[in-house]
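No value in this document is a laboratory result; all are computed from the given coordinates. If you're wondering where the values come from, they're calculated on a predicted model, not measured in any experiment. Here Cβ is always computed from backbone atoms with ideal geometry, including for glycine, and neighbour counts include all displayed protein chains.
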Amino acid sequence: MSNSDALISRLHELQTEALDLVASAADASALEEARIAFLGRKEGRISLVLRELGRIDPSERAAVGAAANRVKGTVQAAIEDREGALAAVEAAGGVALDLTLPGRRPARGGAHPVAIVMEEIWEIFRDLGFTRARGPEAETEWTNFEALNTPLDHPAADEQDTLYLKRGGLLRSHTSPVQVRTMQAYEPPIRILAPGWVYRRDTYDPTHAPVFLQVEGLVVDEGITFVDFKATLAEFARRFWGPGTQTRFRPSFFPFTEPSAEVDVKRVIEHADGTVEETDWLEIMGAGMVDPAVLEACGIDSERYTGFAFGMGPARIAMLKYGISDLRIFFENDLRFLRQFGPDGRGGTPA
Ligand code: PHE
């Protein structure tokens, strides 16, 4: 290797060392030390190399000089960049801040799918003339069972099914006690929708949770008949699932309604290619005509007034609506699941 080649590779080694030192300089004085160590006119290591220029063949000096100038320029530029970065950190109160990075979009929250369904249910009944009602989650045996024509030896009142509180009372096992409280507090006409949490001693599995939401409905007035009952719930189903939706009232039993029914819907799904598909019958709620014994227990004259009531689980309805087979996904709050519903659940930008 000729002398000039040796000097050029020496310069490149120095450049690497200098850039490392500059990059790790933690403050302005460390940076100045690095500058003096490499570029200082007298003792700078790059300057010292150039002093050896005299020892090489004059025909090769130009090449070495040019290489030296490139290395100096590179190190000088690195020092200036580092100076700028350190000044920015200082300006930001000591926090490293790269003002050239693109900003980060804040994630926008969205409504939970069960909340979306609750809101849709509420809007439909609101348009049908219902008002919202609510009641406490800690209830008495009387409001949760007895006033609802359910004797305390009924299986639903058993400790196997209901969570009793140590100092008396229980966590409501359905929203039906809101019927009782509303009838006690208001004269008919009554038309309420009562959403809320309910509690049961159920194991947590794909279709059960020990705490879940229900939506209760109650209508009491003079002359309310089975026709009003069926027509109101069929209208709800059409507004919720679409105009082609059929409704079926299957005989059932609840202590507080007579007759009682389980309400099923059959949906008509129109596919993009124009084909139409009918679903199976899907159960959406329990319902019935209010038992006169319940009206009487709540101080309402059952000779004069009649009514109907219904109760549904919005999580179950959300499962049917969105094609979800395991309700536990509603409780896990996995953002990958929740983001599909977007802000307000109405097609916002996923974060
Ligand atoms: N309370 C009943 C339940 O939790 C549902 C229901 C409400 C049935 C109103 C009839 C009338 O299962």
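Brief remarks on what is shown
- Those GluC sites (Glu not before Pro) in the stretch 5-90 that DSSP places in a loop and that have at most 10 other beta carbons within 10 Å: E43
- Along the axis of the charge dipole computed for the stretch 3-91 (Cβ charges of +1 for Lys and Arg, -1 for Asp and Glu, origin at the Cα centre), the listed residues G54, Q15, A66 are led at the positive end by G54.
- Normalised alpha carbon radius of gyration of the stretch 113-341 [divisor 2.2 N^0.38 Å]: 1.03
- Using θ = phi - 60° and Karplus 6.51 cos²θ - 1.76 cosθ + 1.60, couplings along the stretch 225-238 (whole Hz; Gly, Pro as x): 10, 4, 5, 4, 4, 5, 5, 5, 6, 5, 5, 4, 4, 5
- Packing-based ranking of 222-231, 312-321, 146-155 yields 312-321, 146-155, 222-231, ordered from highest to lowest mean Cβ neighbour count within 10 Å.
- In straight-distance terms, cross-link reach from K230 covers every one of the aspartates and glutamates whose alpha-carbon lies under 13 Å from its own, apart from those fewer than eight places away in the same chain; here that gives E262, D264.
- Dipole of the chain, positive direction: furthest Cα of F125, G169, F341, with charges on the beta-carbon: F341
- Cα centroid of the stretch 260-322 to Cα centroid of the stretch 188-227, whole Å: 10 Å
- Pairwise label distance in nanometres, D221 with D301, each label 7 Å out on the Cα-Cβ vector: 1.8 nm
- Candidate aspartates and glutamates - alpha carbon under 17 Å from K266, same-chain residues fewer than 8 apart omitted: E235, E277, E278, D280, E283
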